[in-house]
Structures are given as C-alpha cells and as structure tokens.
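Visitor: Structure provided below as structure tokens; questions to follow.
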Amino acid sequence: MAAADGRRLAFVLAAAAFAAACASARYAACPLELGGAAPAEAFVACRALLLQRYGALVVDDAATFRLQTVWGAVPGEAAERRATVFRDDADELAIVVELRRIRQPLVGLPAWTAPRGDAAAERELAAALRNELSR
C-alpha cells in the first residue's frame, strides 16, 4: 500500500510540474534585428511585403505599427498561416507567424487546431523584411 501511495504521489508531482511548465511557457516573437533604428519608411515597406505574400491585411495601424494578415492557405498542406509585424515593448520590430491545421476527429466534423508559432516561417519572413528595409 505504501509503495502505491508513493507512486501516486510521484505521478501527481510530475503532472503538476508538467502543467506548470506548460502554463508558464510564453511564445516569444521573432525580433526583426535591423542593426539600428528602423528606417522612416519601415511601415510602408513591411505593409507592401505582407500584402505581396499574404494578399490582405486585417490590421493595418501605422500609429502603433501593427500589421496582421488574413489567414492564408499553406500550399500542399491542410493548413493556414498568418503573419503579424509589430513594435514590441522595447520599441523594436517583431514578427509572429502563426500556423493552424485542419484536424479530422474519428467522430465529428473537421476543426482547426489552436494556432501555434511557426519559427521557420518567422525567420524566413524576418530575412525578407530585413532585405527589404536595407535597400
């Protein structure tokens, strides 16, 4: 009986530690490292590149420097992606690219998964924006 209680306690502690780690994990945006201040035309250049790649914006706010695209289909996947470029708390430009997929449960209708960060797409977009802003 004591061994079972010990295993149960160990399981409960491990589950609690895992839940705390998951709850405290916060996704960090990809910084757009420009090696200095953003140029005056940064908003216009970022806006143009996002429109070229994603087609439309749902947030277009020059005053706060926030741009967010519509969800767009990912070629060859049952998924959608959207991008956000914004000025963070440190007054630096940052990027978040989110990805959501269609999941098909055994019973019921297909549904979107919760959006998750797409680090590879963020790095690729950051490189394209850096290239655009360094012209």
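Visitor: If you take the residues of segment 42-72 that are touching a helix residue (DSSP H, G or I) at 6+ places or on another chain (Cβ under 8 Å) and in a loop (DSSP other than H, G, I, E, B), which of them is surrounded by the fewest Cβ atoms within 10 Å (Cβ to Cβ)?
Guide: Checking each candidate, the answer is 62.
Visitor: Taking the stated definitions as given, is residue 6 farther than 16 Å from residue 132 by Cα, at pLDDT below 95, small (Gly, Ala, Ser) and not in a loop (DSSP other than H, G, I, E, B)? Please lay out each step first, then the result.
Guide: Details: farther than 16 Å from residue 132 by Cα: yes; at pLDDT below 95: yes; small (Gly, Ala, Ser): yes; not in a loop (DSSP other than H, G, I, E, B): yes.
Judged against the criteria, residue 6 is a match.
Visitor: In segment 68-91, which residue that is under 13 Å from the mean Cα position of the chain (by Cα) and among the aliphatic types (A, V, I, L, M) is nearest to residue 104 (Cα to Cα)? Write out each step before concluding.
Guide: Going residue by residue through segment 68-91, those that are under 13 Å from the mean Cα position of the chain (by Cα) are 68-69, 71, 80-86.
In the following step, the residues that additionally are among the aliphatic types (A, V, I, L, M) were identified as 83, 85.
Values: 83: 25, 85: 31 Å.
In this case the residue turns out to be 83.
Visitor: Something else now. So which of 132, 92, 98, 122 is touching a Cys at 6+ places or on another chain (Cβ under 7 Å) and surrounded by 15 or more Cβ atoms within 10 Å (Cβ to Cβ)?
Guide: Values: 132 fails: touching a Cys at 6+ places or on another chain (Cβ under 7 Å); 92 fails: touching a Cys at 6+ places or on another chain (Cβ under 7 Å); 98 fails: touching a Cys at 6+ places or on another chain (Cβ under 7 Å).
Checking each option against the conditions leaves just 122.
Visitor: Please go through segment 73-87 and give me each residue that is loosely packed, with under 15 Cβ neighbours inside 10 Å and on the phi < 0 side of the Ramachandran plot, ordered by number.
Guide: 73, 75, 77, 78
Visitor: Sticking with this one: Residue check: is residue 107 β-branched (Val, Ile, Thr) and not in a loop (DSSP other than H, G, I, E, B)?
Guide: In short, no.
The values are calculated or read from the model by the stated rules, or taken from the named source; none is laboratory data. The structure presented is a predicted model; accordingly, all values stated were derived computationally and were not measured. Here the Cβ is made from the backbone with ideal geometry for all residues, glycine too, and neighbour counts use every protein chain on show.
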